[in-house]
1. Within the group Pro88, Pro69, which residue is surrounded by 10 or more Cβ atoms within 10 Å (Cβ to Cβ), of a type outside the set (Ser, Thr, Tyr), part of a loop (DSSP other than H, G, I, E, B) and modelled with pLDDT under 90?
2. Taking region 85-118 as the region of interest, how many residues are polar (S, T, N, Q) and more than 12 Å from the chain's Cα centre (by Cα)?
3. Can you pull out the residues in region 138-154 that are within 19 Å of Ala97 (Cα to Cα) and either of a type in the set (Asp, Glu) or open to solvent by 60 Å² or more (accessible area, probe 1.4 Å) (or both)?
4. So the check is Cβ under 6 Å with 6+ separation or different chains; which pairs have a first residue in region 88-117 that's farther than 16 Å from Val133 by Cα and a second one that's loosely packed, with under 15 Cβ neighbours inside 10 Å?
5. Restricting the search to region 138-163, which residues are of a type in the set (Asp, Glu) and outside any loop (DSSP other than H, G, I, E, B)?
6. Filter region 104-137 down to residues that are part of a loop (DSSP other than H, G, I, E, B) and open to solvent by 70 Å² or more (accessible area, probe 1.4 Å) and give me whichever is nearest to Ser87 (Cα to Cα).
7. Scan region 18-35 for residues that are in a loop (DSSP other than H, G, I, E, B) and either surrounded by 11 or more Cβ atoms within 10 Å (Cβ to Cβ) or at pLDDT 75 or above (or both) and jot them down.
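The values are calculated or read from the model by the stated rules, or taken from the named source; none is laboratory data. Because the structure is a prediction, the values reported are computed rather than measured. All Cβ positions, even for glycine, are placed from backbone atoms using ideal geometry, and neighbour counts span all protein chains on display. Quick note on the areas: whole protein, heavy atoms, side chains included, nothing else; ligands and nucleic acids left out. Shrake-Rupley method; radii C 1.70, N 1.55, O 1.52, S 1.80 Å.
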Amino acid sequence: MEFGQLEKLLDFMAAHGLEEFEYEHAGLRIRLKKASASVNATPQGGVLPQGLPRQPQATELPAPALAAPTAAPASVTVSEDLHTIKSPIVGTFYAAASPEAPPFVKVGDVIQVGQVVCIIEAMKLMNEIEADVSGELVRVLIENGQPVEYGQGLFAIRAAKKK
């Protein structure tokens, strides 16, 4: 299943107000469940994928990691003049290409639209996340190695003024 298809399922759930959705086809089983408000730090609510085969390292995030509150400043209020780059998928946030590499971006950097700002690992695939606005990186909203949900804020950007 491709991430575009997963996003369509998430949109379908949101559009129809579904709390839970299960799908099985050709040996692939996906169960999506809206996270409870006490676990979710994002105002929109998130959904968590679970699938078959039941090999947590290959197809799903372990449940304890999803239920545990993160040490990241998820409750930080982003002021209205800042743009938030949000996670397009559920996975694990990585600030750099490898543990030894410097982070893609750091607070104070001026970033451009299309510039890679982080990686989110989902189902053993490394997905490069690109900036959707140009501007100055003001705050990183999640810590390296932490799980992220669909739609969760990753970075706060002071968007460049258009001339």
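1. Pro69
2. Residues in region 85-118 being polar (S, T, N, Q) and more than 12 Å from the chain's Cα centre (by Cα): 3 in total.
3. The answer is Glu143, Asn144.
4. Cβ pairs passing all conditions: Ala95/Asn144; Pro103/Ala96.
5. Those that are of a type in the set (Asp, Glu) and outside any loop (DSSP other than H, G, I, E, B): none in region 138-163.
6. Asp132
7. Leu18, Glu19, Ala35
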